[in-house]
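Worksheet for the structure shown next.
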Amino acid sequence: MSLKSFIKSKVMRLRSEISTEELVKFGLKVGKNFSRQEKTLIDQSHCWLITIGDDVTLAQRVHILAHDASTKKGIGFTKIGLVNIGNNVFIGASSTVLSNVTIGDNVVIGAGSIISKDIPSNSVAVGNPAKVICSYAEFINRKENELNRSPHYDSKYTLRNPNFNDEMKREMIRDL
């Protein structure tokens with residue numbers, strides 16, 4: 001393990017998170033180009049029941065659960081189920097994916113959504129419980145049109161750019 005991986009692992013542990021690499025060792029299946037942002041929790045107690053495809057992004061504070069302990073006291077067992085997330089999926093901040101759910105390919109899940117039932121491929125779903133509101137193609141077309149009508153900025157206009165400055169911030173505020 002590299003020093004960078006070791007430090008990342010320790011920082012995540014301090015935040016009560018387990019790294020993707022550790023979860024994979026326990027059985028989590030993850031495809032290529034997987035992005036897991038801060039404070040995203042993947043059910044460590046049943047991670048081998050979770051499969052995540054290629055080109056998937058989990059925004060901040062997403063929770064993926066393969067178990068439901070609400071039944072433990074009442075019937076003595078915890079409900080468990082598979083979670084399958086397809087390819088080219090974006091799950092918005094503070095969303096929760098519950099056990100026994102499949103999310104298809106080319107799907108956007110809106111921030112704050114609760115995914116308690118399957119979401120078909122090529123769709124956009126939002127809400128609690130999450131419901132499909134449009135097709136993926138409609139969503140992309142609408143966002144492209146919005147982008148063409150409004151100012152937009154590349155990655156130079158983020159804090160990741162060491163040269164990002166107050167003038168650039170004022171420019172964004174003025175334009176927006």
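The values are calculated or read from the model by the stated rules, or taken from the named source; none is laboratory data. Every value quoted in this text rests on a predicted model; they were computed, and no experiment measured them. Glycine gets a Cβ as well: all are built from the backbone with ideal geometry, and neighbour counts include every protein chain shown.
General observations
- Residue in region 100-113 that is touching a Gly at 6+ places or on another chain (Cβ under 6 Å) and among the acidic types (Asp, Glu) present: yes
- Figure legend. Inter-residue proximity from region 37-62: first residues among the small types (Gly, Ala, Ser), second residues surrounded by fewer than 20 Cβ atoms within 10 Å (Cβ to Cβ), beta-carbon distance below 6 Å, spacing 6+ or different chains. Indicated pairs: Gly53/Gly31; Gly53/Asn87; Ala59/Gln37; Ala59/Gly92; Ala59/Ala93.
- Whether a residue is surrounded by 13 or more Cβ atoms within 10 Å (Cβ to Cβ), at pLDDT 95 or above, in contact with a Lys or Arg (Cβ under 8 Å, 6 or more places away or on another chain) and in a loop (DSSP other than H, G, I, E, B) was assessed, and Ala93 passes this test.
- Identity of the residue in region 13-47, of a type in the set (S, T, N, Q) and more than 16 Å from Gly86 (Cα to Cα), that ends up modelled with the lowest pLDDT: Ser16
- Selection of region 22-52 for residues being surrounded by fewer than 20 Cβ atoms within 10 Å (Cβ to Cβ), part of a loop (DSSP other than H, G, I, E, B) and touching a Cys at 6+ places or on another chain (Cβ under 8 Å) yields only Gly27.
- Meets criteria (among the aliphatic types (A, V, I, L, M) and surrounded by 14 or more Cβ atoms within 10 Å (Cβ to Cβ)) for Ile75: no
To keep it simple, each residue is scored yes or no on (1) in a loop (DSSP other than H, G, I, E, B); (2) touching a Phe, Trp or Tyr at 6+ places or on another chain (Cβ under 8 Å).
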residue	(1), (2)
Ala111	yes, no
Ala125	no, no
Glu138	no, no
Lys143	no, no
Lys156	no, yes
Arg160	yes, no
Phe164	yes, yes
Met168	no, yes
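- Meets criteria (small (Gly, Ala, Ser), farther than 24 Å from Arg61 by Cα and free of Cβ contacts under 8 Å to residues at least 40 places away in the same chain) for Ser135: yes
- Residues (among the acidic types (Asp, Glu), over 22 Å from Val108 (Cβ atoms) and either surrounded by fewer than 10 Cβ atoms within 10 Å (Cβ to Cβ) or modelled with pLDDT of 95 or more (or both)) located in region 118-176: Asp166, Glu167
- Of all residues in region 73-90, those satisfying the criterion of being of a type outside the set (S, T, N, Q) and either in a loop (DSSP other than H, G, I, E, B) or in contact with a Cys (Cβ under 7 Å, 6 or more places away or on another chain) (or both) are Gly76, Phe77, Gly81, Leu82, Gly86.
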